[in-house]
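Participant: Starting off with a structure, shown below.
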């Protein structure tokens with residue numbers, strides 16, 4: 001069976017990506033990162049999601065990116081700003097080169113387990129100004145990986161980075177997830193990581209807008225905004 005490494009944060013995008021890879025018949029290997037982020041809610045969600053998805057192996061990698069900060073997600077001295085769904089600037093929640101780091105580690109893991117496929121749930125359409133969610137970056141990383149791995153450079157077994165939602169809106173993604181039976185209620189999106197989603201950060205606003213546009217009930221949120 002063909003193998004795939006799926007970057008799984010525990011959020012909405014990565015969960016739908018996982019179910020899509022599952023529907024395509026891959027043997028699933030998930031990779032999550034404790035990178036010094038503000039909270040561990042998504043990591044707890046990722047662990048629960050893997051149980052439901054029937055993942056072959058789930059790995060949690062620790063990287064202390066909070067040592068140098070540079071983002072309100074890794075520096076607790078910075079505040080997570082309220083969101084703006086029409087934002088055009090790069091928000092303070094951008095973590096410097098995060099996807100570059102994650103994909104590099106995913107490539108190492110993929111080569112070690114002889115997997116030629118890496119899945120990542122980024123979107124160039126709803127990317128909130130994150131430069132490492134663009135197709136040009138994904139293609140550049142794929143090229144670098146295949147220049148720097150024995151599997152590709154010497155054994156003619158190149159690694160493909162799949163970004164199935166790169167040109168899809170979050171609304172389209174949710175519709176796909178609903179058809180695939182993604183347990184949306186297990187996912188966590190809020191940047192602030194409180195007892196319940198804040199409802200005002202970029203991630204919460206984009207999630208609410210997308211579920212409304214998709215005409216799908218967000219199973220993780222009650223009418224009062226509390227997590228079920």
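The values are calculated or read from the model by the stated rules, or taken from the named source; none is laboratory data. Predicted, not measured: the structure shown is a model, and the values here were computed from it. Positions of Cβ are generated from backbone atoms using ideal geometry, with glycine treated the same way; all protein chains shown enter the neighbour counts.
Participant: For residue 12, state whether it is under 14 Å from the mean Cα position of the chain (by Cα) and under 17 Å from residue 185 (Cα atoms).
Facilitator: Values: under 14 Å from the mean Cα position of the chain (by Cα): yes; under 17 Å from residue 185 (Cα atoms): yes.
In short, yes.
Participant: Suppose we filter 140, 106, 144 for residues that are out of contact with any helix residue (DSSP H, G or I) (no Cβ under 7 Å at 6 or more places or on another chain), part of a helix (DSSP H, G or I) and surrounded by 22 or more Cβ atoms within 10 Å (Cβ to Cβ); which single one remains?
Facilitator: Exactly one residue qualifies, and that residue is 106.
Participant: Now for a separate question. Taking the range 65-83, which residues are within 18 Å of the chain's Cα centre (by Cα) and assigned to a loop (DSSP other than H, G, I, E, B)? So that I can check it myself, show each step before the final result.
Facilitator: Narrowing the range 65-83 to residues within 18 Å of the chain's Cα centre (by Cα): 65, 71-74.
The answer is 71, 72, 73, 74.
Participant: Quick check on residue 168: is it buried (at least 18 other Cβ atoms within 10 Å of the Cβ) and either touching a helix residue (DSSP H, G or I) at 6+ places or on another chain (Cβ under 8 Å) or over 20 Å from residue 61 (Cβ atoms) (or both)?
Facilitator: Numbers: buried (at least 18 other Cβ atoms within 10 Å of the Cβ): yes; either touching a helix residue (DSSP H, G or I) at 6+ places or on another chain (Cβ under 8 Å) or over 20 Å from residue 61 (Cβ atoms) (or both): yes.
Answer is yes for this residue.
Participant: Could you list, in sequence order, all residues of the range 196-224 that are at pLDDT 90 or above and farther than 15 Å from residue 170 by Cβ?
Facilitator: 196, 197, 198, 199, 200, 217
Participant: Scan the range 84-103 for residues that are at pLDDT 85 or above and either buried (at least 17 other Cβ atoms within 10 Å of the Cβ) or more than 17 Å from the chain's Cα centre (by Cα) (or both) and jot them down.
Facilitator: Filtering the range 84-103 for residues at pLDDT 85 or above gives 91-103.
Scanning the range 84-103 gives 91, 92, 93, 94, 95, 98, 99, 101, 102, 103.
Participant: Any idea which residue in the range 109-134 is nearest to the chain's Cα centre (by Cα), counting only those that are modelled with pLDDT under 95 and in a helix (DSSP H, G or I)?
Facilitator: 133
Participant: Only residues in the range 46-59 that are over 20 Å from residue 105 (Cβ atoms) count as the first member; pair them with residues that are part of a helix (DSSP H, G or I), Cβ under 7 angstrom, at least 6 apart or cross-chain, and list the lot.
Facilitator: Close Cβ pairs satisfying both conditions: 48/186; 52/186; 53/18; 53/19; 53/22.
Participant: Among the residues of the range 147-177, what is the count of those that are part of a helix (DSSP H, G or I) and over 30 Å from residue 86 (Cβ atoms)?
Facilitator: Within the range 147-177, the first condition is being part of a helix (DSSP H, G or I), and the residues that meet it are 147, 150-153, 170-177.
Next, from what is left, pick out any that are over 30 Å from residue 86 (Cβ atoms): 147, 150-153.
Total meeting the criteria: 5.
Participant: Now, a different point. For the range 109-124, which residues satisfy the criterion of being without any contact (Cβ under 8 Å) to a residue 60 or more places away in the chain and either surrounded by 19 or more Cβ atoms within 10 Å (Cβ to Cβ) or in contact with a helix residue (DSSP H, G or I) (Cβ under 8 Å, 6 or more places away or on another chain) (or both)?
Facilitator: Within the range 109-124, the first condition is being without any contact (Cβ under 8 Å) to a residue 60 or more places away in the chain, and the residues that meet it are 111-112, 124.
Within the range 109-124, 111, 124 meet the criteria.
Participant: Within the group 39, 58, which residue is surrounded by 14 or more Cβ atoms within 10 Å (Cβ to Cβ), part of a loop (DSSP other than H, G, I, E, B) and under 17 Å from the mean Cα position of the chain (by Cα)? Full working, then the answer.
Facilitator: Working: 58 fails: part of a loop (DSSP other than H, G, I, E, B).
Step by step, each of 39, 58 is checked, and only 39 is surrounded by 14 or more Cβ atoms within 10 Å (Cβ to Cβ), part of a loop (DSSP other than H, G, I, E, B) and under 17 Å from the mean Cα position of the chain (by Cα).
Participant: Could you check the range 10-27 and list, in sequence order, the residues that are in contact with a helix residue (DSSP H, G or I) (Cβ under 7 Å, 6 or more places away or on another chain), closer than 15 Å to residue 58 by Cα and surrounded by fewer than 24 Cβ atoms within 10 Å (Cβ to Cβ)?
Facilitator: Hits for the range 10-27 are 10, 19, 22.
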